[in-house]
Amino acid sequence: MIGQQFCGPPNSGNGGYVCGVLAKDIDGPATSVLRARVPLDVELHLETENGALLMTDADGALVGKSQAASGAELPTPPEPPSLEAARAAGRGYVGLEQRFHPICFTCGPERHEGDGLRVFAGQIEGAPLGHLAGVWTPHAAFADAAGLATTEVVWAALDCPGYFAWVAKEGRHGALLGTMTGEVLRRPRVGEACIVTAWPLAREGRKELAGVALFSATGELMARGHQVWIVMGPPAPAVAEAPATASA
C-alpha cells in the first residue's frame, strides 16, 4: 500500500518513491517503469516474473515493474556545486513562487519537515540553463534503524528535480515520470546535508530525458539516476544537450 503521505499529484503515488519501492531489494543499478497511475491507500500486489518485480492493482492491472539494469544508461553527473552554492540555487526553486504540486512528497513546499522531503532545486548560478541544485537533509522520520535514509526515500529525493530541469530549460509544462534507472552508492545519514543536482539530457518526441544525482557536502557521489518523463501534450521537436565533460 502506498499511503497518501507519499503522493506526487494529490491522487497518485510519488513516482520516484514508487520506483524506489520496486527497486529497493535489487543489488546495483535497477530500472523501474510506471505503467499507470499509482493509487493511494489501497492494497497493491507484488510478485516476481521472469526476473522482474511486478506491482499490480486489485484487478490485476499492471501498475509498475522493476528489474536489475546494466547501468549503461546512467549518466556521468556534472561536477556538483558547493553546499553553499546549492543552497543558494535552492532558494530560486520555481515551486516556491508558483503552484505545481504543493503537497508532493518530494518537492511540495506545503509539506513540513518529517512529513515531506522538501527538496527544492533551482538554477545553479553560472551553469548551463536547466542545471539545478538544492540541499536535502534527511529527517529521522525517513530512516532505518541504523539512522540511514531508506533506499526508496533516496529515489524519491531524486524524482522532481529532473522534471524541474526541463521546466527551467523549456518553460512550464506538464509531465509524468515514466521510467527511472538508478543506483544508490551510499545512503545518507539522518541530519547529513546533501547536494541534489539535476540536468536535462535530451528530448525525444514526448519524452524528456534527465539526469539526477545526490552528493555529499564534500562532493562524494552517493546516488545517480536517469529519468524518462512523458510530456502531457503534443510532441515537440527532438533536441539534445551536449554531454557534460566534468565527471564526479
**Under-5 Å amide H pairs with ALA175, H placed in peptide plane, nonlocal only** = MET232
**Prompt:** For the chain, what's the relative contact order in percent, using C-alpha pairs closer than 8 Å and at least 6 residues apart?
**Reply:** 20
**Spacing of the two label points (7 Å from each Cα toward its C-beta) at ASP144 and ASP25, in nm** = 1.3
**Message:** Out of the total accessible area of region 174-222 (probe 1.4 Å, heavy atoms of protein only), what percent is carbon and sulfur?
**Reply:** 50
**Identified option (computed semi-axes √(5λ) of the Cα gyration tensor in Å; candidates (1) 25, 21, 18; (2) 30, 26, 20; (3) 30, 18, 18)** = (1)
**Prompt:** Just in region 124-174: which GluC sites (Glu not before Pro) are loop by DSSP and have at most 15 other Cβ atoms within 10 Å?
**Reply:** GLU125
**Request:** Filter the GluC sites (Glu not before Pro) in region 1-73 down to the DSSP loop ones having no more than 11 other Cβ atoms within 10 Å, then list what survives.
**Result:** GLU43
**Message:** Can you give me the Rg/Rh ratio for region 78-167, using Cα atoms for both radii and the Kirkwood formula for Rh?
**Reply:** 0.97
**Request:** Calculate, for the chain, the solvent-accessible area per residue in square angstrom, rolling a 1.4 angstrom probe over the heavy atoms of the protein chains.
**Result:** 44
**Prompt:** If r is the Cβ-Cβ distance from VAL190 to GLU73 and R0 is 22 Å, what FRET efficiency results, to the nearest 0.05?
**Reply:** 0.10
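The values are calculated or read from the model by the stated rules, or taken from the named source; none is laboratory data. Quantities reported herein were computed from a predicted structural model and do not represent experimental measurements. Cβ: placed from backbone, ideal geometry, glycine included. Neighbour counts: every protein chain shown. For the accessible areas, the whole protein counts, side chains as well, though only heavy atoms, and no ligand, DNA or RNA atoms are used. Shrake-Rupley method; radii C 1.70, N 1.55, O 1.52, S 1.80 Å.
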